[in-house]
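Encoded as C-alpha cells, the structure appears first; notes follow it.
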Amino acid sequence: LRRHGPAPGSWKPQVVPPDVTALRYPADGRTLQAWFAAPPGLTRCPALLYFHGEFSFTAWDFAQVRPFLAAGFCVMTPSLRGENGNPGDFELLHGELDDAIAALRWLAARPEVDPDRIYTLGHSVGGGLSALLALPADLPIVCTASVGGIYTPATFSRWARDPDTADLVRFDPADRDERELRVLGPHLAELQRPHRAYVGREDLAILGNAKALVDRPDAAARFTLTTVPGDHSSSLQPAIAMYLADILAGRAGA
C-alpha cells in the first residue's frame, strides 16, 4: 500500500433490529463487526454470506437480503478491515478477501447453519469480493454470486486517474500484479466453484466486463451471466430475488 488508513465510506453506529445479533468475528488477528440472524426455531439451515457495496456497512444493507431470512436462510453481513471503525487498512479487494474467508468460516461453524449449504452474494465492490471467493480451494461454499461486481484490471487504472475515485486506489496502479490479484477475470480458469454474475441491463460498464468473461472458453459453465432490470443500484433487488429463486430451484449448485 502507498497510503494507509480506514475505508473511505462514511459511517455511524447502526440500530440493531430485534431479530439480529451484532457480533465480532476474528479475522487475521483482528476482530471485525458483523450482523447475524437465523430463522427462529430452525436448525441446520442454509446460509447466505452477504457483502455490502460502498465502503461501510449500514442497516440498509442487511434489509436488502431479508428475503433470504424469510425463506429460511441464516444471514451474515460482515464489515471488513478499516470499515465502520474496524482496525486495519483499507486495501480494496486484497486483504479484505482474508476477512471474507474468516467470516465464512465463522458462519460455517454456527450450530444453526448447514455448512454444506452456504452461498455468498455481494453488491458492487462487495460483489467483486464475492467473486474472488470462487477461487480459493477448500471453502464451504456451494456458489458465489455478484450484483454489479465484475471489475477488470483496467478499472483500477481508470479509478486512479479520476479525482473522485483516486483515493480508492492506494496501491501502485501501474503494477499489473496489484491490479490482477483484485479481480476474477485473470484467474477465470482457476474457478473452484460456480460464480453467478447478475448485472443490470443499464449497468453498461459492468455488463461489458461480464460479457467479456462469459464469452471466454475458460469460463466453461462455472461463470454465468444473468441480466436483470435496472442500473448499478436499482438492479440489486431484482438480482437478489433471482439469486434466491435460482438457489431454491437448484440452478445455483456446483
Hey, can you tell me all the residues within the stretch 223-243 that are open to solvent by less than 20 Å² (accessible area, probe 1.4 Å) and outside any loop (DSSP other than H, G, I, E, B)? PHE223, VAL228, LEU236, ALA239, ILE240, TYR243
Where residues in the stretch 213-222 are within 17 Å of ALA145 (Cα to Cα) and part of a helix (DSSP H, G or I), which of them is modelled with the highest pLDDT? LEU213
Which residue pairs have Cβ atoms under 9 Å apart, sit 6 or more places apart or on different chains, and have a first residue in the stretch 233-254 that is touching a residue at least 12 places away in the same chain (Cβ under 8 Å) and a second that is acidic (Asp, Glu) and open to solvent by 50 Å² or more (accessible area, probe 1.4 Å)? SER234/GLU202; SER235/GLU202
Identify, from the list LEU23, LEU42, the residue that is modelled with pLDDT under 95 and more than 15 Å from the chain's Cα centre (by Cα). LEU42
Report those helices (runs of 4 or more DSSP H) wholly inside the stretch 25-134 carrying at least 2 residues which are buried (at least 23 other Cβ atoms within 10 Å of the Cβ) and on the phi < 0 side of the Ramachandran plot. 95-108, 125-132
Could you grab the pairs with beta carbons closer than 9 Å, sequence gap of 6+ or different chains, first residue in the stretch 53-66 and touching a residue at least 24 places away in the same chain (Cβ under 8 Å) and under 18 Å from TYR119 (Cβ atoms), second one among the β-branched types (Val, Ile, Thr) and open to solvent by 10 Å² or more (accessible area, probe 1.4 Å)? GLY53/VAL125; PHE62/VAL20
It is to be established whether one or more residues within the stretch 45-57 are more than 24 Å from LEU92 (Cα to Cα), of a type outside the set (A, V, I, L, M) and at pLDDT 95 or above. yes
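Restricting attention to the stretch 5-24, and to residues there that are in a loop (DSSP other than H, G, I, E, B) and under 22 Å from ILE101 (Cβ atoms), which single residue is most open to solvent (accessible area, probe 1.4 Å)?
PRO6
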Where a residue in the stretch 11-32 is farther than 14 Å from ALA59 by Cβ and among the polar types (S, T, N, Q) and its partner, wherever it lies, is in a strand (DSSP E or B) and open to solvent by less than 100 Å² (accessible area, probe 1.4 Å), with Cβ under 9 Å and at least six apart: THR31/TYR25
In the stretch 172-207, what residues are under 28 Å from ILE247 (Cα atoms) and assigned to a helix (DSSP H, G or I)? GLY185, PRO186, HIS187, LEU188, ALA189, GLU190, LEU204, ALA205, ILE206, LEU207
Could you grab me the full set of residues in the stretch 36-66 that are out of contact with any Pro (no Cβ under 8 Å at 6 or more places or on another chain) and either of a type in the set (Asp, Glu) or under 19 Å from LEU168 (Cβ atoms) (or both)? HIS52, GLY53, GLU54, SER56, THR58, ASP61
Among (1) surrounded by fewer than 13 Cβ atoms within 10 Å (Cβ to Cβ); (2) in contact (Cβ under 8 Å) with a residue 40 or more places away in the chain; (3) more than 24 Å from LEU69 (Cβ to Cβ), where does LEU1 come up short? (1)
Within the set of pairs 6 or more residues apart or between chains, which connect a residue that is within 15 Å of VAL214 (Cα to Cα) inside the stretch 169-189 to a residue that is open to solvent by 50 Å² or more (accessible area, probe 1.4 Å) and assigned to a loop (DSSP other than H, G, I, E, B) with Cβ atoms less than 8 Å apart? LEU188/ARG216
Taking ALA166, is it of a type in the set (A, V, I, L, M, F, W, C), surrounded by fewer than 16 Cβ atoms within 10 Å (Cβ to Cβ), in contact with a helix residue (DSSP H, G or I) (Cβ under 6 Å, 6 or more places away or on another chain) and modelled with pLDDT under 95? no
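The values are calculated or read from the model by the stated rules, or taken from the named source; none is laboratory data. All figures in this text were calculated on a predicted structure; none of them were measured in a lab. So basically every Cβ, Gly included, is an ideal-geometry build from the backbone, and we count neighbours across all protein chains shown. We work out accessible area using only protein heavy atoms, side chains counted, and drop any ligands, DNA or RNA first. Shrake-Rupley method; radii C 1.70, N 1.55, O 1.52, S 1.80 Å.
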